[in-house]
Amino acid sequence: HGSGVCFPPVSAAPLPQTIEQKREFLRTHYIALWDVAAECSIRGSADSSISAVTANDIAPLLRSTQIKAVFLNGQTAQKLFRKYFSEETAKFGCTVTTLPSTSPANASYSLEKLAAEWGSAIRAVLMI
């Protein structure tokens, strides 16, 4: 998934193009990226084929930071997150929001529509 995931614009800042620009944008806006699965088996890019999941424990990150919100990238992330981490985020008072997947497989969403939904949700929490 990683290399094919788009980076929807969430602020008035220019859309980052390079990996380094994307990293800088994330750092500047205090946004961390975390994958629900540390490991899994998957056929191609079909989320429906995900199996043998090893969860990527988020508790240490929540304990050592002041995370306010968790945004989940699509329904599969939501399903896995609920299965493994619902209790953890509740303990730390994080809000959890599921947003449309940025995967190219989500053809029903244009970049503009993704940007609007992701941007609105992120701006509401981060006030950017």
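Structure above, values below:
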item: Accessible solvent surface per residue of the stretch 4-113, calculated while the other protein chains remain in place, 1.4 angstrom probe, Å²; result: 65
item: Rounded to whole Hz, the Karplus (6.51, -1.76, 1.60) HN-Hα couplings of the stretch 51-61, x for glycine and proline; result: 8, 6, 7, 10, 5, 9, 3, 8, 4, x, 5
item: Label-zone membership for the stretch 82-125, site ARG63, 7 angstrom Cα→C-beta point, backbone N under 20 Å; result: 84-95
item: Normalised alpha carbon radius of gyration of the chain [divisor 2.2 N^0.38 Å]; result: 1.06
item: Helical segments meeting 15 Å axial Cα length and Kyte-Doolittle -0.5 threshold in the chain (DSSP H); result: 111-126
item: Where labels lie 7 Å past Cα in the beta-carbon direction, separation of LYS83 and SER41 in nm; result: 1.3
item: Beta bridge orientation in the chain: antiparallel %, DSSP, nearest 5; result: 40
item: Cut-off under 5 Å, modelled amide H: who pairs with VAL96 long-range; result: VAL70
item: For the stretch 85-128, projected area of the alpha-carbon convex hull averaged over all directions, nm²; result: 3.9
item: Listed residues VAL36, VAL96, VAL53, most fluctuating in the chain (Gaussian network, C-alpha, under 10 Å); result: VAL53
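The values are calculated or read from the model by the stated rules, or taken from the named source; none is laboratory data. The structure displayed is predicted, hence computed values, not measured ones. Reconstructed Cβ throughout: ideal geometry from the backbone, glycine too, with neighbour counts over all protein chains shown. Ligands, DNA and RNA are stripped out before the accessible areas are found, and what is left, the full protein with its side chains, is counted by its heavy atoms. Shrake-Rupley method; radii C 1.70, N 1.55, O 1.52, S 1.80 Å.
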